[in-house]
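What follows is a set of notes on a single structure, which appears directly below.
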Amino acid sequence: MLTPTVGSDIVTTPNGSDELRLALRAATMYHVEGATQAEIAAKLGVSRPTAGRLVARARANGLVRIEIHVPEEISGSVHTDLERRLEERYGLDEALVVTSSIDDAGGRYDAVGRAAAGVLTRRVQPTHTLGFTWGPETVAVAQALQGRGSRCARVVQLDGSMSTADYQTGVDFVLARCAEQLQASPMRLNAPLYADPATVVALQQDSLMSKALDAGRTADLMFFGLGPVSTSTTLFEGSFLDADLLLELDRLGAVGEIGGRFFDADGADVGGSLADRTVSVPLDDIRNCATTLLISGGARKHAAVRAALRGRLATVLVTDIACALDLLDEPGSTPTKESR
């Protein structure tokens, strides 16, 4: 709730008192009475630009104080101060923090998925190409997605998903659900995530595969989760990686991955033997995308989330409160009622 307070506790000179009086009157009309600048101009007998300058001067001179009050009934579920601080620290366009912890919820992404679905439908545009990587986070977003009038031109898979193991990546569900809810054309990347370098080159030159890869690389909006470098990750569980590759990645300083591409604590590509074997959108294309929505949380992913934000791999973050506090170097903090 926005509560404007208009008043004067400053000392003015005789020459400036009349203009400040007008500024005070204009500010009262604008903030308290809800008048438009045109109505203020007509009432005070000034031009519309002058009315705007009077309102601005009232703010600049301390005549207007704005307070935001969070109602008691929702204060425990709104974390605007944490979100603002995350945006400032990591240069984000938007941060959204949900109250429930992913760890407390048994590793489920339902709450962040619902929140991210709301962000996605608010930001996606009818002409957009929407890209996604597979994983439990994007499945949670797709499950919660309700178009409600939002739409885009097409939905494309950003990373290959075929594996030698019988592992359910959820890519078919995410692709079909997003296409249905957003009235979009689906575009699948029917390829493995990892292959030998010669096969990767052949896939990139294939007419069908290249179309999907190019569409993904130039997507207008991307949404994705990430994974840590450990055996408790979808890549290891799905037999995309083995223990030897994990050891190599650890030696290279990798802390996380997006779309099968690994990065270090600063969010920079680590290279290694997987670099030329990966069939997915490169990290530089993610950095160059206008809107990149990262959905993640849980203690085992804190380091990877921090690294991704340092590396400018997300413009929008949806996470749980425990991860938000860790990102702000407040791992032991207890959230309080926040206002802004």
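Count of region 186-215 residues, restricted to those that are in contact with a helix residue (DSSP H, G or I) (Cβ under 7 Å, 6 or more places away or on another chain) and not in a helix (DSSP H, G or I), is 8.
Residues checked against (1) modelled with pLDDT of 90 or more; (2) not hydrophobic (A, V, I, L, M, F, W, C):
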position	(1), (2)
GLY34	no, yes
ALA41	yes, no
ALA51	yes, no
LEU54	yes, no
VAL64	no, no
VAL70	no, no
ILE74	no, no
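Scan region 295-320 for residues that are in a helix (DSSP H, G or I), open to solvent by 20 Å² or more (accessible area, probe 1.4 Å) and touching a Ser or Thr at 6+ places or on another chain (Cβ under 7 Å) and the total you get is 1.
The set of residues from region 216-240 being closer than 16 Å to GLY272 by Cβ and part of a loop (DSSP other than H, G, I, E, B) comprises VAL229, PHE240. Of everything listed in (1) under 22 Å from LEU189 (Cβ atoms); (2) modelled with pLDDT of 95 or more, the single unmet condition for ALA307 is (1).
For region 216-244, the set of residues classified as in contact (Cβ under 8 Å) with a residue 12 or more places away in the chain and out of contact with any strand residue (DSSP E or B) (no Cβ under 9 Å at 6 or more places or on another chain) consists of SER230, THR231, SER232, GLU237, GLY238, SER239, ALA243, listed by residue number.
Listed conditions (1) in contact with an Asp or Glu (Cβ under 9 Å, 6 or more places away or on another chain); (2) in contact (Cβ under 8 Å) with a residue 24 or more places away in the chain; (3) open to solvent by 10 Å² or more (accessible area, probe 1.4 Å); (4) of a type in the set (D, E, K, R) are all met by ARG287, apart from (1). Within region 227-266, the residues that satisfy the criterion of being open to solvent by less than 30 Å² (accessible area, probe 1.4 Å) and over 27 Å from the mean Cα position of the chain (by Cα) are LEU241, LEU245, LEU246.
Here is a check on your reading of the model: is THR292 of a type in the set (S, T, N, Q), open to solvent by less than 10 Å² (accessible area, probe 1.4 Å), under 26 Å from ASN190 (Cα atoms) and at pLDDT below 95? Here the answer is no, as THR292 does not meet what is asked.
A count restricted to region 103-139 and to residues that are in contact with a helix residue (DSSP H, G or I) (Cβ under 9 Å, 6 or more places away or on another chain), farther than 25 Å from ASP214 by Cα and open to solvent by 10 Å² or more (accessible area, probe 1.4 Å) stands at 11. Just so you know, in region 191-215 the residues that are among the charged types (D, E, K, R) and touching a residue at least 12 places away in the same chain (Cβ under 8 Å) include one that is nearest to ARG312 (Cα to Cα), and it is LYS211. Within region 254-273, the set of residues being touching a Leu at 6+ places or on another chain (Cβ under 7 Å) and among the aliphatic types (A, V, I, L, M) comprises ILE258, VAL270.
The values are calculated or read from the model by the stated rules, or taken from the named source; none is laboratory data. Source: prediction; values computed, not measured. Quick reminder, even Gly has a Cβ in these numbers, built from the backbone with ideal geometry, and neighbours come from all protein chains shown. Each accessible area value is taken on the protein alone, full model and side chains, heavy atoms only, with ligands, DNA and RNA left out. Shrake-Rupley method; radii C 1.70, N 1.55, O 1.52, S 1.80 Å.
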